[in-house]
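For reference, the structure discussed in these notes is given below.
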Amino acid sequence: MSLVYSGMDEAGYGPMLGPLCVGRASLRVYDWNAIDEYGNTARVPDLWEVLSSVVARTRKEAKGRITIADSKKLKLASSSVRNHPLVHLERGVLAMLGTIGDVPRTDLELFEMLGVQIEDQRWFAGDPIELPISNEMDLLKIDANQLRTEMHKAGVELDEIKVHAMGVGDFNEVVRAHGTKAATTAQLLLEHLRSVSKVDAEHIRIVIDRQSGRTHYHKLLSRVWDGIETLEESARASRYSCGDELGVLLVSKADDGYFPVSLASMAAKYVRELMMARFNRYWCAKVPELKPTAGYVQDARRWLVDAEGVLMDGDRVGLVRIA
């Protein structure tokens, strides 16, 4: 029997500028049984342990291996001198994608692989950005080959990595319609859940990084699966199931404790960073002395003041989130 082990996480929920990205990473584990030899519900495999010869869960432990971890712990400071801020994020995402296809050579190739829809705004247009931006292509191909070999030995393969990006216009529309910012991530999660529900597998296990204080997700999951059962809705975790076939876990800091959630976090963050690179490329060409922004609230306010002279009527509607 096979298990599809899927993780989901967001990047860019807090900023004032730029897209909200929600990533999904799904891996397939072969020869996995939902019930262990003692008749108990089997735990999903620890993929850091299974693939320990080629991956690590922290940069400190890596020692040459590929680090798969919470994106917040992998992205280096923008002021980093020794290494590009995205070096670790990029290596993990592109090497993993290289196990199921060619390593993308531009951001547009990457977006196509990940199913990313670029917001129709002039500041996200322009020529493709060449990839990799912080690694060597030949070394990434070696990483991908080694990773593919070890995953094959372990009976594991990457099913897919996908990222849904919600632009500012859609973000604001969802907030107005539902009266809450949380509806934005819920909408993107729903799209991912519907995709996972269609996979061909005997068993599906989904882990989602839970945000804010929300604990009730039964209504959301019921829009995808009939007969979903609530097992727990507490400050610790929210757990749901449909027999042995489906298990869904939502828990805080899942991006630091579950391999596919970490990978989803990395993909979402990498996509957002590349889209903000397009954003800054456009505006800095208009105002050469303009300092780039990551879009977070305090710096976004500074950026809006500095860029005021080149903003056209109506630009703020497409640039600034209302929540």
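Where a number appears in this text, it was derived from the coordinates with a stated rule and is not lab data. Being a predicted model, the structure only gives us computed values, none of them experimental. All Cβ positions, glycine included, derive from the backbone under ideal geometry; neighbour counts span all protein chains shown.
Taking Cα pairs under 8 Å and at least six residues apart, what relative contact order does the range 19-172 come out at, in percent? List each step's numbers first, then the result.
Details: 186 pairs, mean separation 58.5, N = 154.
With pairs under 8 Å counted, the relative contact order is 38 percent.
Pairs exceeding 18 Å between alpha-carbon atoms, taken from Lys181/Lys291; Lys72/Lys253; Lys72/Lys141: Lys181/Lys291; Lys72/Lys141. Extension gain, Ser212-His84: 0.36 nm per intervening residue step, less the Cα-Cα distance, totals 43.0 nm.
Long hydrophobic helices in the chain, taken as whole DSSP H segments with a C-alpha length of 20 Å or more on their own axis and mean Kyte-Doolittle hydropathy at least -0.5: 182-197, 259-286.
What shape does the chain take by its C-alpha gyration tensor, where a ≥ b ≥ c are the square roots of the eigenvalues and a/c under 1.5 counts as rounded, a/b above b/c as prolate, and the rest as oblate?
Details: a/c = 2.16, a/b = 1.34, b/c = 1.61.
Oblate, because a/c is 1.5 or more while a/b does not exceed b/c.
A DSSP coil position with no more than 14 other Cβ atoms inside 10 Å describes the following GluC sites (Glu not before Pro) in the range 31-136: Glu37, Glu136. Applying 0.36 nm per residue to the separation of Ile118 and Ala42 and subtracting their alpha-carbon distance, the gain on full extension is 23.4 nm.
Computed on the chain, with alpha-carbon pairs under 8 angstrom and 6+ residues apart, the relative contact order is 31 percent.
What does the charge count around Arg122 come to, taking other residues whose C-beta lies under 12 Å from its C-beta (Lys +1, Arg +1, Asp -1, Glu -1)?
Computed value for this residue: 0.
Rounded to the nearest angstrom and listed largest first, the equivalent-ellipsoid semi-axes of the range 126-271 from its Cα gyration tensor are 29, 23, 14. Among the trypsin sites (Lys or Arg not before Pro) in the range 165-208, those placed in a DSSP loop whose Cβ has at most 10 other Cβ atoms within 10 Å are Lys198. Taking the helices alone, the chain has a mean residue ellipticity at 222 nm of -11500 deg cm²/dmol, built from -39,500 (n - 2.57) per DSSP H run of at least 4 residues and averaged over all its residues. Here is the list for the range 38-132: trypsin sites (Lys or Arg not before Pro) lying in DSSP coil, each with at most 16 other C-beta atoms within 10 angstrom of its C-beta, are Arg43, Lys63, Arg82, Arg105.
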